[in-house]
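Participant: Let me begin by handing over the structure; questions about it come next.
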Amino acid sequence: MNTYPKIALLAAALLGSTISFAQQKKAVAIAGKKVTVYSTVKGEGKPMQETAVLSFKPAKQPLETQTSIFVDPAKTFQTLIGIGGAITDASAEVFAKLPKATQQELLTAYYDKNKGIGYTVVRTNINSCDFSSDTYTYVAEGDKDLKTFNIDHDRKFKIPLIKQAQATAGKVNLFVSPWSPPAWMKSNNSMLKGGSLLPAFQQSWANYYVKFIQAYEQAGMPVWGLTVQNEPMATQRWESCIYTAEEERDFIKNFLGPTLHKNGMAGKKLIGWDHNRDLIYQRASTLFSDPQTEKYLWGIGFHWYETWTGSNQNFENLKRVKEAFPTKQLIFTEGCVEKFSLDRLNDWSLGERYGLSMINDFNAGTAAWTDWNILLDENGGPNHVGNFCFAPVHADVKSGKLMYTNSFYYIGHFSKYIKPGAKRIISAPSRTMLSSTAFQNPDGSVVVVVMNTTDQKLPYQLWIAGQAAETVSEAHSISTLIIK
């Protein structure tokens, strides 16, 4: 007698009852919880204000006519490291010109976990970048042995601001990035307009990262990680340096990786690429497919400027990288809205650009998200080559007052409520008019961010394991829903 079919049917029945029981347990847990909604709506009220408190009710199979966002806390993905922005020379110089009260306002707005939006990540530049008032390095001309290395330049503006951000936040993950080696180390003998690192100076340049990290840490600023090169395929009119994928691979494998390890920095998070999403898969496959390079790399960084080609933001490429190299981390290292104009400070599309990127980057597996300058002046600078851009906050230096764009609040809908250590979970809208992502915080609370870029008010239900809470997404709005 063949008993296998009977055993298989019994096993299937038991499995079905187990799944049903698990779903019932989850439904019961959700049923007793409230949903607090915080919203920022175009043309309405204060940003990030509490707009509703919702309750769950039993909900059967949703109909196709019902707009739903399905959330599943049982399916977990990457762990959030944090969200933050860059403290460049420009940000620090503008900050230094402000009255003490305004300085404190900015620190609280960005870094206070309760009164502000709770930034926990800082990026800063090694040597000058475009958002510096001048071009500079930390060594004398031709000093291959780096005997003259010092960071005195940074002690005036950048270091004081980074340390105040640290003190306000309690802890930040600081990572550092070079835009160019000193001119004499490069093929074009200039820090500007591309060029490449000369083979004769590869070891000196690897030592340079170590010197910088040691100097910052001796000044009381622990360095969490570093990128190899900002935008290594862009020949810019400002500080830039070109590496092909193979050149970056070999520099990491033969020089930078071993030098970091030899100097006790194996724990620093080394990040490749640090450029746009368009070429990220080619770069990732070249770096991570080489075992001698891959072992030094924690992950790969990316920017959002592939739109300069006429393309939309290419989130699918991030998914391909995460699919192919699941043990490596994705980190958004820079993004801003370019071509500053003072009369666009209230343009609602500024924030929607951030919301779209953050939701899709997180859903693709991104573990940390870093804006560009935290602060710029009323001209979108200072910038020594005239590349003026938007920041979430601008200062009118003459009046000493801050001007907040809606980008600040759109970022805040993530950074204030999704805590470091949170796990991304499933959030699946039934309509493309709504975008969403969701995380479960270390304290067990569930955070769902929902964005509506349409001109329509869209009712929907938040559906979790047979329980639903009904609410509305206003036209051109972003909301954070906290379940606990």
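Participant: With no solvent and one point on each alpha carbon, what is the Debye value of log10 I(q)/I(0) for segment 421-484 at q = 0.11, 0.16, 0.29 Å⁻¹?
Facilitator: -0.25, -0.52, -1.36
Participant: Stokes-Einstein at 20 °C, 1.002 mPa s, Kirkwood radius from Cα pairs: D for the chain in µm² s⁻¹?
Facilitator: The Stokes-Einstein estimate is 90 µm²/s.
Participant: Another question, then. Tell me which residues come under 5 Å, amide H to amide H, from residue 467 once H is placed; ignore anything under 5 positions away on its chain.
Facilitator: Long-range HN contacts for residue 467: 59.
Participant: Using helices alone, I'd like the mean residue ellipticity at 222 nm for the chain: each DSSP H run of four-plus residues gives -39500 (n - 2.57), total over residue count, nearest 500.
Facilitator: -9000 deg cm²/dmol
Participant: Please report the antiparallel percentage of the DSSP beta bridges confined to the chain, to the nearest 5.
Facilitator: Around 60 percent of the beta bridges assigned by DSSP in the chain are antiparallel ones.
Participant: Summarise the long-distance tail of P(r) for segment 92-147 by giving the % of C-alpha pairs beyond 16 Å.
Facilitator: The calculated P(r) of segment 92-147 puts 63 percent of pairs beyond 16 Å.
Participant: How big is the Cα convex hull of segment 290-339 in projection, averaged over all directions, in nm²?
Facilitator: Hull-based average projected area comes out at 4.4 nm².
Participant: Sticking with this one: So what is the accessible area of the chain per residue, in Å², with the probe set to 1.4 Å?
Facilitator: Each residue of the chain exposes 41 Å² on average to a 1.4 Å probe.
Participant: Quick check: convex hull over the Cα atoms of segment 310-377, volume per residue in Å³, rounded to an integer?
Facilitator: 93
Participant: Let me ask another. Mean Kyte-Doolittle hydropathy of 0.0 or higher plus an axial Cα length of 20 Å or more: which whole DSSP H helices in the chain meet both?
Facilitator: Helix filter hits for the chain: 4-31.
Participant: Further, regarding this structure: What's the extension gain from residue 282 to residue 431 if we count 0.36 nm per residue and subtract their Cα-Cα distance?
Facilitator: 50.4 nm
Participant: According to a simple spin-label model (label point 7 Å from Cα along Cα-to-Cβ), what is the distance in nm between residue 77 and residue 50?
Facilitator: So the two model labels end up 3.1 nm from each other.
Participant: How far is it, in nm, from the label point at residue 346 to the one at residue 290 when both lie 7 Å from their Cα along the line to the Cβ?
Facilitator: 5.3
Participant: Where Lys and Arg each count +1 and Asp and Glu each count -1, what net charge lies around residue 75 among other residues with Cβ under 11 Å from its Cβ?
Facilitator: +1
Participant: If you don't mind, another one. For the chain, with all protein chains present and a 1.4 Å probe, just round the carbon and sulfur fraction of the accessible area to a whole percent.
Facilitator: 53
Participant: Residue 337's amide H: which non-local residues (gap 5+, or another chain) put their own amide H closer than 5 Å, with H modeled 1.01 Å from N in plane and none for Pro or chain starts?
Facilitator: 390
Participant: Moving on. Evaluate the Kirkwood expression for the hydrodynamic radius of segment 189-276, namely the inverse of the mean inverse distance over all pairs of different C-alpha atoms, and round to one decimal in Å.
Facilitator: 13.7
Participant: While we're on this one: For the pair residue 134/residue 148, report the inter-label distance in nm, with labels modelled 7 Å from Cα in the Cβ direction.
Facilitator: 1.4
Participant: Rounded to the nearest 20 debye, what is the charge dipole size of the chain about its Cα centre when +1 sits on each Lys and Arg Cβ and -1 on each Asp and Glu Cβ?
Facilitator: 1720
Participant: Follow-up. Residue farthest toward the positive end of the dipole of the chain, with Cβ of Lys/Arg at +1 and Asp/Glu at -1: which of 65, 410, 374?
Facilitator: My answer, from the dipole projection, is 65.
Participant: Give me, ordered by chain and number, the residues 5 or more places off residue 426 or on other chains with an amide H under 5 Å from its own placed amide H.
Facilitator: 72, 75
Participant: So, one more: At 1.4 Å probe size, what's the solvent-accessible area of residue 197? Round to the nearest 10 Å².
Facilitator: 20
Participant: Suppose R0 equals 25 Å; then what is the FRET efficiency for residue 309 and residue 244 from their Cβ-Cβ distance, rounded to the nearest 0.05?
Facilitator: It comes out at approximately 0.85.
Participant: Then there is this: In whole Å, what three semi-axes, largest first, describe the equivalent ellipsoid of segment 132-251 built from its Cα gyration tensor (square root of 5 times each eigenvalue)?
Facilitator: Semi-axis lengths for segment 132-251 are 25, 16, 14 Å.
Participant: Can you tell me the FRET efficiency between residue 193 and residue 66 if r is taken as the Cβ-Cβ distance and R0 is 41 Å, rounded to the nearest 0.05?
Facilitator: Calculated value: 0.15.
The values are calculated or read from the model by the stated rules, or taken from the named source; none is laboratory data. The model shown is predicted, which means the values in this text are computed figures rather than measured ones. In this analysis, Cβ positions are derived from the backbone assuming ideal geometry, glycine residues included, and neighbour counts consider all displayed protein chains. What goes into the accessible areas is simple: the full protein's heavy atoms, side chains included, and nothing from ligands, DNA or RNA. Shrake-Rupley method; radii C 1.70, N 1.55, O 1.52, S 1.80 Å.
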